[in-house]
Amino acid sequence: MTIRTRTSSRRIAAALIAGGALFLAGCTASSGAHFRNSGGPGGTNAGAAVTSPPADPSNAPGSLTVTPAANSKNIAPNASVKVAATAGATVTSVTVTAGSSTIKGTLAADGKTWTSTSPLKFNTKYTVAVSGTNLANGHPQTTSTFTTVKPTRTVSPHLIANALQSLDSGATYGVGEPIMVHFAQAVPTSQRAAIVDALTVTSTPQVDGRWHWINSQQVDYRGEDYWPAGATVSVSAKLYGVSLGKGVYGGANAHATIHIGDKHYAVADNKTHTMKVYINDKLVKTVPVSMGMGGSTRGAQGQFINYWTRSGPHVVIVKSPTVTMSSASYGITDPKSPFFYAPETVHDAVRISYSGEFVHLRTWTVGDIGKRNTSHGCINVGAAYASYMYKLLRTGDIVDVVNTPVKVSFDNTVADWAVPWSQWK
């Protein structure tokens, strides 16, 4: 009996132990399910299966994109060459070549982009060789080509102060100096907006201005009023590669920075025979003058000639210590004509129009100065004031003529300031 009892006890104990083990296993399973649902102690999924974190897309293999695209043709030479890397790819090197010439460029610090910094040439085939890392296609190097446009003609913009001289960067001009961009051939109307978009004028102090096409070959810039005295003005014409229509392209860029001097402003009055001179809006002198006699005639080729000094703001064009004048210069060649006169030299000559109007010294019939208008259109000044006016006036200063019946025009002079602001657009 005793032996059977021990055996039974052992069996019961084993059963209890087995039952306890089952119980504990059941508690473990239940506890694990609880942790998965709640996040478990310490915020961990104690019973969850272990998985790898999702891949970082920024490290995934990527690709390189080249602009212009491979085999592109008729690319404008002002276009940039660009290389861009996607996803985890990076650009390591770029060369853009045409024969022995190489286009310069800059690689971004993160290796994601490369951009050219030097211009392309016209009608040229370029080869772009690119190297990169972590590329999906497994090829670390790629090569492509593109070709720039072949123009029928190129036209370079010219920055001018007026029709007789270029705009001289670094020089000082008067407050009435417009910014002028001139082209050697006519610009189609359809292309003018694109050209203006490529033109920039900045100034200190800032002046809000507008561009205005004065003819098919020239666009000028000015504000509603004259430049402030002491201003600095910069113009940039980024026209290289810009289409001007009919296969013609801008062939160069142009830049200049000029300075504006004191405000010199003279008002020549046909009725009073005087010219009032202002410096920075302060009257400093009243100068006796003799202006155009008036009347008209016909030249040797039948052209109409009048002898008025034209009314309106004249912009000083250029000056010279001596100028030779004659009636033949504007078409009067017959010595029998009452308007004929032989070549003669005048001094202290400040040109204010293309047709021959000057402020200059007059040494003959000086008794007319300040009393009568007897010139062929010039503003004659006596010896007491001629040297002063010559030294004072500079290119871009204003000589405003009043009280004559004939107005200034663009075929006669720099007539920018004669155009009302509402029409300057």
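The values are calculated or read from the model by the stated rules, or taken from the named source; none is laboratory data. This one's a predicted model, so the numbers in the text were calculated from it and none came from an experiment. As a convention, Cβ positions derive from the backbone with ideal geometry for all residues, glycine included, and neighbour counts pool all protein chains shown. We work out accessible area using only protein heavy atoms, side chains counted, and drop any ligands, DNA or RNA first. Shrake-Rupley method; radii C 1.70, N 1.55, O 1.52, S 1.80 Å.
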First measure r as the distance between the Cβ atoms of D168 and M293, then evaluate 1/(1 + (r/R0)^6) with R0 = 45 Å and state the FRET efficiency to the nearest 0.05. 0.80
May I ask you to list the residues of region 258-288 whose amide nitrogen lies under 11 Å from a point 7 Å from Cα along the Cα→beta-carbon direction of A384? 286-288
Work out, step by step, the length gained on full extension between S118 and N215: first 0.36 nm times the residue separation, then minus their alpha carbon distance; give nm to one decimal. 31.6 nm
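Could you tally the net charge around T102, taking each other residue with its Cβ under 15 Å from the Cβ of T102, Lys/Arg +1 and Asp/Glu -1?
Details: positive: K104, K121, K125; negative: none.
Summing Lys and Arg as +1 and Asp and Glu as -1 gives +3.
Can you tell me the length gained on complete extension of the stretch D197 to N59, counting 0.36 nm per residue apart and subtracting the Cα distance?
Numbers: separation 138, 0.36 × 138 = 49.68 nm, distance 4.12 nm.
Contour length minus Cα-Cα distance gives 45.6 nm.
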Answer check: region 189-246, Cα atoms, Kirkwood Rh, Rg/Rh ratio of 1.02
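Give me the number: length gained by fully extending A70 to T363, i.e. 0.36 nm times residue separation minus the C-alpha to C-alpha distance, one decimal in nm.
Separation in residues times 0.36 nm, less the Cα-Cα distance, equals 98.1 nm.
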Running Debye on region 210-343 with equal point scatterers at the Cα sites and no solvent, what base-10 log of I(q)/I(0) appears at q = 0.12, 0.15, 0.19 Å⁻¹? -0.85, -1.07, -1.19
Can you show me the helix-derived [θ] at 222 nm for the chain, built from DSSP H runs with n ≥ 4 at -39,500 (n - 2.57) apiece and divided by the number of residues, rounded to the nearest 500. -4000 deg cm²/dmol
Largest first, please: the extent of the C-alpha atoms of region 75-137 along each principal axis, to the nearest Å. 36, 20, 18
Global size of region 221-298 as Cα Rg and Dmax, reported in angstrom: 20.8, 55
For the chain, compute the orientation-averaged projected area of the C-alpha convex hull (one quarter of its surface), in nm². 38.7 nm²
Assuming a viscosity of 0.692 mPa s and a temperature of 37 °C, what translational diffusion coefficient in µm² per second does Stokes-Einstein assign to region 305-425, Rh being the Kirkwood radius over Cα pairs? 216 µm²/s
What is the calculated FRET efficiency for D225 to Q301, with r their C-beta to C-beta distance and R₀ = 35 Å, to the nearest 0.05? 0.30
Over region 120-193, what is the relative contact order in whole percent, taking alpha-carbon pairs under 8 Å and six or more residues apart? 25 percent
With a point put 7 Å past each Cα toward its Cβ, work out how far H259 is from K271 in nm, to one decimal. 4.1 nm
For the chain, report the accessible area per residue in Å² (1.4 Å probe, heavy atoms, rounded to an integer). 51 Å²
With a cut-off of 8 Å between alpha carbons and a minimum separation of six or more residues, what is the relative contact order of region 190-282 in percent? 24 percent
Just how far, in whole angstrom, is region 151-165 from region 262-311 if you go by their alpha carbon centroids? 31 Å
Which whole-number percent is the relative contact order of the chain (Cα, under 8 Å, 6+ apart)? 12 percent
T133 label point, 7 Å along Cα→Cβ, cut-off 12 Å on backbone N: hits in region 75-96? 89-93
Rounded to the nearest 0.05, what FRET efficiency do T147 and K285 have when you use their Cβ-Cβ distance and R0 = 51 Å? 0.20
Approximate spin-label separation D110-N403, in nm, with each point projected 7 Å along Cα-to-Cβ: 7.2 nm
For region 110-255, radius of gyration divided by Kirkwood radius, i.e. Rg to Rh on alpha-carbons: 1.13
Expressed as an acute angle from 0 to 90° and rounded to the nearest 10, what is the orientation of the C-alpha long axis of helix 2-38 relative to the principal long axis of the chain? 10 degrees
Along principal axes, Cα extents of region 102-193, largest first, whole Å: 64, 33, 24
